[in-house]
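This report concerns only the one structure given below.
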Amino acid sequence: MSHFIERIQPRAADLGEGLLVRRALPTRQRRMVGAWCFLDHAGPADFAPGGGMHVGAHPHTALQTFTWLIEGEVLHRDSLGNEQVIRPGQVNLMTAGRGIVHTEDSLPDARRLHAAQLWIALPPEQADCPPAFEHHPVLPRWEQDDCSLTLLAGHHAGRQAPATLYTPLVGIDIQSHAGGALRLPLDPNFEYGLLPLEGSLEIDGEPFASDEFAYLGQGRTELAIQLAPGSRVLLLGGEPFGEPVLMWWNFVGHSKAAIIQAQRDWEAGDPRFGPVPGSTRRLSPPPLPWSVD
């Protein structure tokens, strides 16, 4: 039986200091996979002392930022007063809700960075929830078909990841040192996407190289893939989101008015977006694409 597969080429951007980011979501072809509405693959990159990722204070609304770190060390600070170093194999989850501000910086001694940075759109009833932050150093891990798997989000085959979610989602990191075949059960009510972070794989006999995003749609009860030696793959899935969300700069919203107000509040220094302790650089948004009348 043949299944639908859509091939999506991520957009590349150089953030400086040799850090290359490939954006798999959103694209013109595919805006979301479930509530997953943003996926950047950063690195792997080597950099000089003091280099790496240094992102100044910036706001978010109506989303959760989800960081999966593979290599390196990154310091998270936010306007709630949280200060947390994330290390390889760990997840940071920040719920923006009605508004939060944060910074991200590679540690001074870090010489390498490899990570997946994702956003999860909050449903309308949670869009204005209080902001929050979670750090998860321990995640469900298991071996299957000579692969090492880590459950990043949601539940799978009786396992449950600790991250707080507001819509049915799943995220799994799959690593294959020797290569080979892997079969995983899937929920036919979910839509799924696969991004090779390293190496390559075949899905239904169709090859996908590193950073070629494969959107699999709904209706599958099983995933059967063939992994090349040294491959690492990110599997995302979720129930299709009830309605498309709007995204502008670092904001997610369920209306243009909500995003316009968020940007106005950020530019005006509204208390909704508080200061980040220790931060000296504040990012400015580009002009809004819509009328503010």
Qualifying residue in the range 85-101 (condition: in contact (Cβ under 8 Å) with a residue 12 or more places away in the chain, under 20 Å from Met247 (Cβ atoms), surrounded by 22 or more Cβ atoms within 10 Å (Cβ to Cβ) and more than 18 Å from the chain's Cα centre (by Cα)): yes
Residue in the range 161-179 that is surrounded by 16 or more Cβ atoms within 10 Å (Cβ to Cβ), in contact with a Phe, Trp or Tyr (Cβ under 6 Å, 6 or more places away or on another chain) and over 23 Å from Arg31 (Cα atoms) present: no
Scope the range 256-293; condition within 20 Å of His76 (Cβ to Cβ) and aromatic (Phe, Trp, Tyr); matching residues: Trp266, Phe273
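Considering only the range 53-91, state which residues are among the charged types (D, E, K, R), under 26 Å from Pro285 (Cβ atoms) and either part of a loop (DSSP other than H, G, I, E, B) or in contact with a Gly (Cβ under 7 Å, 6 or more places away or on another chain) (or both). Outline the logic, then answer.
Let us first name the residues in the range 53-91 that are among the charged types (D, E, K, R), namely 71, 73, 77-78, 83, 87.
This time we only want the ones that are under 26 Å from Pro285 (Cβ atoms), so: 77-78, 83.
Of everything in the range 53-91, just one residue is among the charged types (D, E, K, R), under 26 Å from Pro285 (Cβ atoms) and either part of a loop (DSSP other than H, G, I, E, B) or in contact with a Gly (Cβ under 7 Å, 6 or more places away or on another chain) (or both), namely Arg77.
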Some residue of the range 163-181 being over 24 Å from Ala42 (Cα atoms) and assigned to a strand (DSSP E or B): yes
Qualifying residue in the range 119-141 (condition: of a type in the set (Val, Ile, Thr), more than 18 Å from Pro88 (Cα to Cα) and out of contact with any helix residue (DSSP H, G or I) (no Cβ under 7 Å at 6 or more places or on another chain)): yes
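Select the strands (runs of 3 or more DSSP E) contained entirely in the range 202-293, then report the ones holding at least 1 residues which are crowded, with 18+ Cβ neighbours inside 10 Å and small (Gly, Ala, Ser).
On the way: elements: 206-208, 213-217, 222-227, 231-238, 246-248, 251-253.
By residue number, 213-217, 231-238, 251-253.
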Among (1) on the phi > 0 side of the Ramachandran plot; (2) touching a residue at least 60 places away in the same chain (Cβ under 8 Å), the one test that Leu19 misses: (1)
Matching residues, the range 172-185, being over 17 Å from Trp36 (Cα atoms) and either of a type in the set (Gly, Ala, Ser) or at pLDDT 95 or above (or both): Ile174, Gln175, Ser176, Ala178, Gly179, Gly180, Ala181, Leu182, Arg183, Leu184, Pro185
Test for Phe4: is it surrounded by fewer than 17 Cβ atoms within 10 Å (Cβ to Cβ) and either out of contact with any Leu (no Cβ under 6 Å at 6 or more places or on another chain) or more than 24 Å from Phe190 (Cα to Cα) (or both): yes
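The values are calculated or read from the model by the stated rules, or taken from the named source; none is laboratory data. Being a predicted model, the structure only gives us computed values, none of them experimental. We place every Cβ from the backbone using ideal geometry, glycine too, and count neighbours over all the protein chains shown.
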